[in-house]
Amino acid sequence: MDQQTLTDDEIVTAVLAGRRQDFEILVRRYSGKIIHFITRMTQDRDEAQSIAQEVFLKIFQNLPYYRKENNFSAFIFKIAKNMTLNWLNREKRTILFSRLLGREFNKAPFRQEPPRVSPQDQKERESEITRNLLLLAEEQRLALILKVYLEFSYKQIREITGWSIPKIETLISRAKSRLKKNILLQERSHEVVYTARKK
Amino acid sequence: MNCKKVSRLLSIYQDRELTSALERQVEFHLRDCHACRSEWDGLQELVGSLKCLPPPASDPYFPTKVMAGLQDNRAAKFRLLPAIAYALIFLTMFLSGFFLQLSYNNTMGAEKPKAATFTAVLLENQDLGLLAVHDNTLALFER
Ligand SMILES: [Zn+2]
């Protein structure tokens, strides 16, 4: 059977029946999203890779507990969320002290991506957004990232986090207002400086 | 619908999570209200900015690495290795300090043996955290 047409649940059944190698289909299917999620949460590209590896090992170990209801995505993101929050708790001090002081931004993620604006502007803009995302309260950041970057619906976010829909609405809305205030203000002030310099 | 209510719903509207009836009411309000319209533009601009962070470049070997990790049944055993290694380091440092003190006391002859003193050393690896190291061993490193 074509791998592409198999549902997640069918693959899980096969893996649990002893076809361990089929787990790779699931890894290929979801690794991009999982790594994207962890990268956005931690803002550390290298760490995200190694956390993601651990996440997939954990997913494999927990497959027997998965109830096949076509919600494999929620199942694995729940695991990814828990492991990422654990990592963040462990690293909180380091992140606060070195990241927020701006020391680690030179080895910031995403520098390999092709710049769309001029390289300097784009890099500055990205690290500004990155820094502001890290400044959000953890729950706000989690909800916003699941919505904006992973494009999950509120219902899916509820499955992953266990939060109520009104709580999710509030967290995302507050995260946006906070970011709007910070990022847009900063961008405008840069523009003012830039146009002033041009004159 | 008044501005206060629209303002509260804008983020949900943007996430396309409103019922179609509410959606229509918000749209209707936005057509006429300047203040809400500019708030809406700000939100759109913000999400546009957020989306300019590209997804991280994917590592084509990632799935292979994960599968290799699964195949490797010895992985669990290897996890014990650092702990054993640290225990050995600790033992070596402790004993070397102890023997140093013995030889020191022997050469000084009459002097009363000092009580053994230890200093806590913070390891970078947080798994073990602190090691008590015999002060004589530390003296070795200070030289
Ligand atoms: Zn209005």
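Quick look at the numbers
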| quantity | calculated |
| --- | --- |
| Residue check, A:Ala52 modelled with pLDDT of 95 or more and more than 10 Å from every other protein chain (Cβ to nearest Cβ) | no |
| Count - residues of segment A:137-179 that are open to solvent by 50 Å² or more (accessible area, probe 1.4 Å), without any contact (Cβ under 8 Å) to a residue 24 or more places away in the chain and either closer than 19 Å to B:Lys51 by Cα or assigned by TED's automatic domain parsing to the domain that holds A:Thr84 (or both) | 2 |
| Residue in segment B:27-50 that is in a helix (DSSP H, G or I), of a type in the set (Val, Ile, Thr) and away from the ligand (no atom under 16 Å from the Cβ) present | yes |
| Residues of segment B:3-26 classified as more than 10 Å from chain A (Cβ to nearest Cβ), within 14 Å of the ligand (Cβ to nearest atom) and touching a residue at least 12 places away in the same chain (Cβ under 8 Å), total | 5 |
| Qualifying residue in segment A:32-40 (condition: surrounded by fewer than 22 Cβ atoms within 10 Å (Cβ to Cβ) and either of a type in the set (Phe, Trp, Tyr) or without any contact (Cβ under 8 Å) to a residue 24 or more places away in the chain (or both)) | yes |
| From the options B:Leu9, B:Leu53, B:Leu30, B:Leu43, residue that is touching an Asp or Glu at 6+ places or on another chain (Cβ under 7 Å) and buried (at least 16 other Cβ atoms within 10 Å of the Cβ) | B:Leu53 |
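The values are calculated or read from the model by the stated rules, or taken from the named source; none is laboratory data. Please read all numbers here as calculations on a predicted model, not as lab measurements. Quick reminder, even Gly has a Cβ in these numbers, built from the backbone with ideal geometry, and neighbours come from all protein chains shown. When the accessible area is computed, the model is the full protein with side chains, heavy atoms only, and any ligands, DNA or RNA have been set aside. Shrake-Rupley method; radii C 1.70, N 1.55, O 1.52, S 1.80 Å.
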